[in-house]
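The values are calculated or read from the model by the stated rules, or taken from the named source; none is laboratory data. From a predicted model like this one, the values you see are computed outputs, not experimental measurements. Reconstructed Cβ throughout: ideal geometry from the backbone, glycine too, with neighbour counts over all protein chains shown.
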Amino acid sequence: MTTTRTFPLRILLCIVLSITVFPTAPTIAATEFEIYPTYRQDNFVWNKAGLNDFPNIISELKWENLRIQGVKGVLKHDMGKRHFLEASGSWGWIYSGANQDSDYDGDNRTEETSRSNNTSDHGNVFDLSLALGWKLQDKLTRRTNLLAGYAINSQNMTMTNGVQTIPPDGPFAGLNAAYKGLWRGPWIGLAHEQQLDKKWTLTTRVEYHLPTYNGEAHWNLRNDLAHPVTNNHWANGQGLVASLGCDYIAGPNWRIGAWLDYTNYLAKNGTDQVNIVDGRHVQIRLNEVRWDSWAFRLKATYRF
């Protein structure tokens, strides 16, 4: 497990060491504020085993095609020739999406005994990051930066308008369940900015994350379970964030542009704690939690 989690980090460090560090020109400390109106689409899946690991998947929940509108802000403060600070935060609201809840009696998703297909058109997402950057290369036409920081990512999803499809009983009333996922941990990244001509700049960026994962479920129709938190989830994970952006210099202090971000997180071999209404807790294996996201962002930057 340790080798798997550190292998991408080693690759990133090799890339950094292979870059020729050009002498940096004297720079005047400055602050930039970037704002990104955002369209984002997420998928989120988790599954768990049964008691004594049989079946190896007893329950799986999927939130698919979660469509999200939101906004992201980034504040960068130049600390001189070699270093800078970067703080970012984003918030978005889910306005469309679907959920599927499946239960199985056999291994490997066989003998499906129950399936409901539900609506997930409410909820929100939140992201926060703070990082320190090192300028490996700071030329007029190209810049390369190494960054290290700490990130928090949260997804708050819902399940309403339940329809039982296995067995085919149809719509059922009262479904108002919720699930919250929270990822927290350090990351390291590399960003390269290349000037294409006097007005256009292309930026690529990749980040490797090592988060811990916590999840909380509220199954409102389960009278045998404790409320408001019916299940707790814990696991360790890893993640990749890749970005590609193009900026246009619109004036002495202004830049505008468009960015595409891809995020993929995975946590495995965790714990699902079932909270019983009488106060007991039963712990079983949480197989995996997967979150992937595509985001398209417009961008406006002002340099103070």
| task | Looking for whichever is in contact (Cβ under 8 Å) with a residue 24 or more places away in the chain, of a type outside the set (D, E, K, R) and either out of contact with any strand residue (DSSP E or B) (no Cβ under 8 Å at 6 or more places or on another chain) or surrounded by 20 or more Cβ atoms within 10 Å (Cβ to Cβ) (or both) here; the options are N118, N124, N156. Which one fits? | result | N118
| message | Looking only at residues that are of a type in the set (K, R) and at pLDDT below 95 in region 193-248, which one is farthest from the chain's Cα centre (by Cα)? | response | K198
| Which of (1) surrounded by 14 or more Cβ atoms within 10 Å (Cβ to Cβ); (2) modelled with pLDDT under 95; (3) among the hydroxyl-bearing types (S, T, Y) does Y36 not meet, given it meets every other one? | (2)
| task | Answer yes or no: is there a residue in region 159-177 that is buried (at least 19 other Cβ atoms within 10 Å of the Cβ) and out of contact with any Leu (no Cβ under 8 Å at 6 or more places or on another chain). | result | no
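Would a scan of region 89-96 turn up a residue that is farther than 18 Å from N153 by Cα and surrounded by 15 or more Cβ atoms within 10 Å (Cβ to Cβ)? Spell out the reasoning first.
First pass over region 89-96, keeping only residues farther than 18 Å from N153 by Cα: 95-96.
Those left that are additionally surrounded by 15 or more Cβ atoms within 10 Å (Cβ to Cβ): none.
So far as region 89-96 goes, no, none of its residues is farther than 18 Å from N153 by Cα and surrounded by 15 or more Cβ atoms within 10 Å (Cβ to Cβ).
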| remark: Residue hits (region 105-145; hydroxyl-bearing (S, T, Y), more than 29 Å from the chain's Cα centre (by Cα) and not in a strand (DSSP E or B)) are T141
| Selected residue [closer than 30 Å to G50 by Cβ, in contact with an Asp or Glu (Cβ under 9 Å, 6 or more places away or on another chain) and in contact (Cβ under 8 Å) with a residue 24 or more places away in the chain] from D78, D103, D107 | D103
| message | Tell me whether region 163-173 contains one or more residues that are under 22 Å from the mean Cα position of the chain (by Cα), at pLDDT 95 or above and among the hydroxyl-bearing types (S, T, Y). | response | no
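Select from region 37-91 the residues that are among the basic types (K, R), part of a strand (DSSP E or B) and more than 16 Å from D292 (Cα to Cα) and list them in ascending order.
Start the filter on region 37-91 by keeping residues that are among the basic types (K, R), which leaves 40, 48, 62, 67, 72, 76, 81-82.
After this cut, where a residue has to be part of a strand (DSSP E or B) as well, the list is 40, 48, 62, 67, 72, 76.
K48, K72, K76, listed by residue number.
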| query | Which pairs have Cβ atoms under 8 Å, sit 6 or more apart or on different chains, and link a residue in region 53-68 that is of a type outside the set (S, T, N, Q) to one that is outside any strand (DSSP E or B) and exposed (fewer than 15 other Cβ atoms within 10 Å of the Cβ)? | reply | P55/N108; I57/N108; I57/R109; E60/R109
